[in-house]
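J.: First, the structure itself, so that you have it in front of you.
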Amino acid sequence: MRRLALALCLTALPLAAMAQDAAPLSPDAAAMKAHVMFLAADSMKGREAGSPEYDIAADYVASRFFAAGLKPQGDKGGYLQEVPLVAYKADGEGKLAVTRGGTTTPLAFGTDYIPSANPRAKDTAITAPVVFVGYGIVAPQYGRDDFKGIDVKGKIVAFVSGSPSKMTGEERAWLGSPATKARFAAERGAVGTITLVTPRSEKQRAFAKLVEANTHSRMTWANPDGTGNVDEGSVPTLATLSLSGAQKLFAGARTGWAKVAKEAEKADARFKPEALPATLAVTTKTSFSPTRSSNVVGVLPGSDPALAKEVVVLSAHLDHVGVSGTREDKIHNGALDNAIGIASLIEEAKRFQKEGAPKRTVMFLAVTAEEKGLIGSDYFANHPTVPAESIVANVNLDMPILTYKFEDMVAFGGDRSTLGPIIRRAVEGAGVALSPDPMPDEGIFVRSDHFRFVQKGVPSVFLWPGQKGPGKEAVTHFMSTHYHKPGDDLSQPIQWEDGVRFVDVNYRIAREIADAPTRPVWNKGDYFGTLFKGPMAD
């Protein structure tokens, strides 16, 4: 039935998309456009992970991998790697109550708190003393250990949302994540965490918006028992407390909530950890809904008897965000995000096949559920279809904004490993400049699929067209007008010939990695390389 649906979908490509760009394209540009016309068609309904339309897209990519001469590297001798998924969300309002001096004060759902869904279990019940630890961050490189001098064993850790502004963007994004903070807390014996809204974070995203979003499902890959996968060694995030909820929690504390909230307004806020004179009782429920999806995996075996055992992974996410909203057009086509990345992956496979097998094996990986939180790539990183130790590098292709003739490129994470010189040679060899990250505060390095390989210690990078010349205006326009909206479709002025240039640069990078005499390693002392125990330069 899936193959029949694929054939029917091929006949449903919009005539408007076919007619666009009357001027003839080069064969390579036309091939890229053809892939995007299929993947971003209305009939694909936004390729949401777990949908029948996503399955059709996966079959399409598998067929293109076959045509490019790639060998299947998925499950059961095929191109598809099944990814068990589970959607989960808070089931009901839950209950939170603060006990202080023998008096118990219930907190009000939607006013004082919202419960957090726990992917580990349907029922969560924890009663424990509460310890406040500021941001809840441990970062020796910034002289910060928010747990220093306080015992959190057997206790609930409370921390303010976010991270200090003075940290670099990539490390700040990682350290400010509630999941990272839960890991720090678990390492010190805590039993759960709660997040505290501050006046600063309230301005960035109002608590009322968090209440609205609390009914939405999140997704992860499923364990055999049907529960959701979580980072090993972390503890459950129990709830988020509003400004009023935090005020009630801090009643009677040595440091009042007003003083904490005022300090949180500072760019580099510093807090003194403190055991609060309160016990918090938390009872929540989580509902689960299983589904399934697929990664698509093909390989071009290496030609060198020794180096062929090592694998360079080229990745791109195939899914987008589906159908939603109140507008007449509710289909999120995902042309640039990330049909064009998948098109680039396919065309790069064709070029490798045309120009001959490299010394190392090259894997082409189209992953699912990136839009749900890098889920497909996380599943693959934990269930690789080749030996995990054989993977030596990842080059990721995600949402290149190709609505202008780019004059430079940005390599997120490129300067963290010996991939840096390779990237520079490839970019400059293609006739464009290599520029630094123009928006470091966005922490983009930790927000795409390559980061799941970084977490396994693998040197990784992904490239975007840069913001020189017309780039800044084009990127700003796309992000404000089309990103994750129905407007990300084929009506955009996509520069298909620049798509060919984008493929060329990424091919040059992957080819040099695959043919180099030595594997990439992290720069000595790099934060992420050290954190995730990757191979380091001497």
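J.: For segment 382-410, which residues satisfy the criterion of being part of a loop (DSSP other than H, G, I, E, B) and either polar (S, T, N, Q) or closer than 30 Å to Lys76 by Cβ (or both)? Show your work before the answer.
T.: Here is the first cut: in segment 382-410, the ones part of a loop (DSSP other than H, G, I, E, B) are 383-387, 397-407.
Result: His383, Pro384, Thr385, Val386, Pro387, Leu397, Asp398, Thr403.
J.: Which numbered condition trips up Arg200, out of (1) surrounded by fewer than 18 Cβ atoms within 10 Å (Cβ to Cβ); (2) in a loop (DSSP other than H, G, I, E, B)?
T.: Checking Arg200 against (1) surrounded by fewer than 18 Cβ atoms within 10 Å (Cβ to Cβ); (2) in a loop (DSSP other than H, G, I, E, B), the one that fails is (2).
J.: Going through Lys354, Lys350 one at a time, which residue ends up being outside any loop (DSSP other than H, G, I, E, B) and surrounded by fewer than 17 Cβ atoms within 10 Å (Cβ to Cβ)? Break it down stepwise before answering.
T.: Numbers: Lys350 fails: surrounded by fewer than 17 Cβ atoms within 10 Å (Cβ to Cβ).
It is Lys354.
J.: I've got another one for you. Any residue that is acidic (Asp, Glu) and touching a helix residue (DSSP H, G or I) at 6+ places or on another chain (Cβ under 7 Å) - is there at least one of those in segment 294-311?
T.: yes
J.: What tally of residues in segment 504-531 results from selecting those that are within 22 Å of the chain's Cα centre (by Cα) and more than 18 Å from Gly420 (Cβ to Cβ)?
T.: Within segment 504-531, residues that are within 22 Å of the chain's Cα centre (by Cα) and more than 18 Å from Gly420 (Cβ to Cβ) number 1.
J.: May I ask you to say which residue of Val133, Val138 is of a type in the set (A, V, I, L, M), more than 23 Å from Ile375 (Cβ to Cβ) and in contact with a Pro (Cβ under 8 Å, 6 or more places away or on another chain)? Outline the logic, then answer.
T.: Numbers: Val138 fails: in contact with a Pro (Cβ under 8 Å, 6 or more places away or on another chain).
Step by step, each of Val133, Val138 is checked, and only Val133 is of a type in the set (A, V, I, L, M), more than 23 Å from Ile375 (Cβ to Cβ) and in contact with a Pro (Cβ under 8 Å, 6 or more places away or on another chain).
J.: If you don't mind, another one. For segment 75-84, how many residues meet the condition of being surrounded by 21 or more Cβ atoms within 10 Å (Cβ to Cβ) and either farther than 12 Å from Arg292 by Cβ or in the same structural domain as Pro119 (by TED's automatic domain parsing) (or both)?
T.: Adding up the residues that qualify gives 1.
J.: Quick check: anything in segment 253-265 out of contact with any Cys (no Cβ under 6 Å at 6 or more places or on another chain), outside the structural domain of Tyr527 (by TED's automatic domain parsing) and within 24 Å of Val86 (Cα to Cα)?
T.: Of the residues in segment 253-265, the ones out of contact with any Cys (no Cβ under 6 Å at 6 or more places or on another chain) are 253-265.
The next check asks that each one be outside the structural domain of Tyr527 (by TED's automatic domain parsing); those that pass are 253-265.
Next, from what is left, pick out any that are within 24 Å of Val86 (Cα to Cα): none.
No, segment 253-265 contains no residue that is out of contact with any Cys (no Cβ under 6 Å at 6 or more places or on another chain), outside the structural domain of Tyr527 (by TED's automatic domain parsing) and within 24 Å of Val86 (Cα to Cα).
J.: Also, I was wondering about something else. Would you check if Thr279 is in a strand (DSSP E or B), at pLDDT 95 or above and buried (at least 18 other Cβ atoms within 10 Å of the Cβ)? Spell out the reasoning first.
T.: On the way: in a strand (DSSP E or B): yes; at pLDDT 95 or above: yes; buried (at least 18 other Cβ atoms within 10 Å of the Cβ): no.
No.
J.: Another question, then. Among the residues of segment 142-176 satisfying the criterion of being more than 23 Å from Gly256 (Cα to Cα) and among the aromatic types (Phe, Trp, Tyr), which is farthest from the chain's Cα centre (by Cα)?
T.: Across segment 142-176, the extreme among qualifying residues is Tyr142.
J.: Is there any pair linking a residue in segment 308-327 that is in the same structural domain as Ser390 (by TED's automatic domain parsing) and assigned to a strand (DSSP E or B) to one that is buried (at least 24 other Cβ atoms within 10 Å of the Cβ) and aromatic (Phe, Trp, Tyr), with Cβ under 7 Å and at least six apart or on different chains, and which?
T.: Val313/Phe453; Leu314/Phe364
J.: Mind counting the residues in segment 245-276 that are surrounded by 18 or more Cβ atoms within 10 Å (Cβ to Cβ) and touching an Asp or Glu at 6+ places or on another chain (Cβ under 8 Å)?
T.: First pass over segment 245-276, keeping only residues surrounded by 18 or more Cβ atoms within 10 Å (Cβ to Cβ): 245-246, 248-250, 253, 257, 260-261, 264, 269, 271, 273-274, 276.
Next, from what is left, pick out any that are touching an Asp or Glu at 6+ places or on another chain (Cβ under 8 Å): 245, 248, 253, 269, 271, 273.
Result for segment 245-276: 6.
J.: Identify, from the list Ala31, Ala23, Ala7, the residue that is at pLDDT below 95, in a helix (DSSP H, G or I) and among the small types (Gly, Ala, Ser). Steps first, answer last, please.
T.: Working: Ala31 fails: at pLDDT below 95; Ala23 fails: in a helix (DSSP H, G or I).
Ala7 is the lone residue from the list that is at pLDDT below 95, in a helix (DSSP H, G or I) and among the small types (Gly, Ala, Ser).
J.: Let me ask something else. Looking at (1) part of a loop (DSSP other than H, G, I, E, B); (2) not assigned by TED's automatic domain parsing to the domain that holds Ala31, can you tell me which one Lys359 breaks?
T.: The one condition Lys359 does not meet is (2).
J.: Of everything in segment 479-503 that's within 24 Å of the chain's Cα centre (by Cα) and β-branched (Val, Ile, Thr), which residue is nearest to Ala339 (Cα to Cα)?
T.: Here is the first cut: in segment 479-503, the residues within 24 Å of the chain's Cα centre (by Cα) are 479-489, 499, 502-503.
Filter once more, keeping what is β-branched (Val, Ile, Thr): 481, 503.
Working: Thr481: 18, Val503: 14 Å.
So, considering only residues that are within 24 Å of the chain's Cα centre (by Cα) and β-branched (Val, Ile, Thr), the one nearest to Ala339 (Cα to Cα) is Val503.
J.: Being of a type in the set (D, E, K, R) and not in a loop (DSSP other than H, G, I, E, B) is the filter; apply it to segment 503-530 and report the residue that is surrounded by the fewest Cβ atoms within 10 Å (Cβ to Cβ). Please lay out each step first, then the result.
T.: Going through segment 503-530, the residues of a type in the set (D, E, K, R) turn out to be 504, 508, 511-512, 515, 519, 524, 526.
Restricting the remaining residues to those that are not in a loop (DSSP other than H, G, I, E, B) gives 504, 508, 511-512, 515.
Numbers: Asp504: 19, Arg508: 18, Arg511: 21, Glu512: 18, Asp515: 15.
Taking the candidates together, the pick is Asp515.
Results for (1) touching a His at 6+ places or on another chain (Cβ under 8 Å); (2) crowded, with 21+ Cβ neighbours inside 10 Å, shown as yes or no for each residue.
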| site | (1), (2) |
| --- | --- |
| Met363 | no, yes |
| Ala388 | no, no |
| Asn396 | yes, yes |
| Ala411 | no, yes |
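J.: Any chance you could count how many residues in segment 97-119 are under 25 Å from Thr180 (Cβ atoms) and either of a type in the set (S, T, N, Q) or surrounded by fewer than 16 Cβ atoms within 10 Å (Cβ to Cβ) (or both)? Before you say what the answer is, go through the steps one by one.
T.: Going through segment 97-119, the residues under 25 Å from Thr180 (Cβ atoms) turn out to be 113-119.
Then keep just the ones that are either of a type in the set (S, T, N, Q) or surrounded by fewer than 16 Cβ atoms within 10 Å (Cβ to Cβ) (or both); that gives 116, 118.
Total satisfying the criteria: 2.
The values are calculated or read from the model by the stated rules, or taken from the named source; none is laboratory data. Everything numeric in this text was worked out from a predicted model, so none of it was measured. Using ideal geometry, Cβ is built from the backbone for each residue, glycine included, and neighbour counts are taken over all protein chains shown.
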